[in-house]
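Inspection log for the structure reproduced underneath, given as structure tokens.
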Amino acid sequence: MNSPRTHRTTAAFALITAAALALTACSGGEPVTAPAGSTGKGGAAQGGALPTEDVVSGVKKNEAAAKLLPADVRARGTLTLVNSVGSPPSSTYLPDGKTVVGLDADLSEAVAKALGLELKHEVAGFEAILPALGSGKYDVGTGNFGVTEERRKSIDFVTYINDGQGFAARADSKLSAVTDLTQLCGLRVATGAGTTFERTLEQNKARCAAAGKKPYEVNVYSEPGAIWMALQQGRSDVVMNTINGIRYAVTQQPGTKFLNEYRRLDVGFAFKKGTPLAPAFQAAVNGLKADGTYDRIVKKWGVTDSAIPESRISPPEIPAPTK
């Protein structure tokens, strides 16, 4: 569990970041924003405000899914969920600095209601969650965790969205798309600590030397806001982050542009390897799809293009681009 001081620090940073986004988005009044998925589909934030539509309270208990829960979990009726609070549309703080909202929060609450469970919420840094799940500290984690072969060795996943890796740059960048990582050679790339983005960049660094080019520099940050600040201040040339997160962020920040989707990845609830909870969570997600709740949630957060046809347990990693 995070200490109160850690939580206050994280919350304060989130508020500072949100304020900075608002100030840079428009020189007066509310920041202008498109839907979170920036596809023009769905009901995500307009005029800078986060969507507030209640799409969860009406969820009914899914008896068939609940029967798949281990007997001890059904008896106690609670689960401890740890969340990495990043950026919209996945997760962010309301201005109170305490309330977490976003796609992850709505789906987590909907699944809990379907299973007849109460969630005990914790907040932790992205890079700390998967090891903590492996140790049994928490029951389930969220944080836009992409399903990779490396992670599948120690973590079980129940998928709920298809997001992935994308790029952004300042509007004056000569880059229009990054289809080959050698296009980054000689540039400074900002990304998050412990992420698939960091792994992808580090694993492919040698390709610049093989192409006779100067290596790119990977600048890693623990706080999402710091990634964008580095780009805006010219300390980084490119951002690599989640597709949906980047699409949303560039609507909030003038002088930046979305470059392209580089790679899609399934994203899921994360559990300790061998968890007996996975079948129940999978059944709950698929039940939410069947009754329309899932579609209402992804529409609310503007990520309908990332909706999955069905939830799966630890599916194989989607192959990386060949270039």
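Counting only strands (runs of 3 or more DSSP E) wholly contained in segment 149-260, the ones carrying 3 or more residues that are in the same structural domain as Trp301 (by TED's automatic domain parsing) occupy 155-170.
Number of residues in segment 191-217 that are aliphatic (A, V, I, L, M) and buried (at least 18 other Cβ atoms within 10 Å of the Cβ): the value is 1.
Residues satisfying the criterion are present in segment 113-132 (criterion: without any contact (Cβ under 8 Å) to a residue 40 or more places away in the chain and either within 17 Å of Leu265 (Cα to Cα) or of a type outside the set (A, V, I, L, M) (or both)). Counting residues in segment 136-146 that are assigned to a loop (DSSP other than H, G, I, E, B), more than 28 Å from Arg188 (Cβ to Cβ) and without any contact (Cβ under 8 Å) to a residue 60 or more places away in the chain gives one or more. Among the residues making up segment 104-137, a single one is among the hydroxyl-bearing types (Ser, Thr, Tyr) and either touching a strand residue (DSSP E or B) at 6+ places or on another chain (Cβ under 7 Å) or crowded, with 23+ Cβ neighbours inside 10 Å (or both): Ser108.
Inspection of segment 265-278 identifies at least one residue that is modelled with pLDDT under 95 and either assigned to a strand (DSSP E or B) or not assigned by TED's automatic domain parsing to the domain that holds Glu109 (or both). Take the residues in segment 104-122 that are under 14 Å from the mean Cα position of the chain (by Cα) and of a type in the set (A, V, I, L, M, F, W, C); name whichever of them is farthest from Thr80 (Cα to Cα). So, considering only residues that are under 14 Å from the mean Cα position of the chain (by Cα) and of a type in the set (A, V, I, L, M, F, W, C), the one farthest from Thr80 (Cα to Cα) is Leu107.
The values are calculated or read from the model by the stated rules, or taken from the named source; none is laboratory data. The model shown is predicted, which means the values in this text are computed figures rather than measured ones. Here the Cβ is made from the backbone with ideal geometry for all residues, glycine too, and neighbour counts use every protein chain on show.
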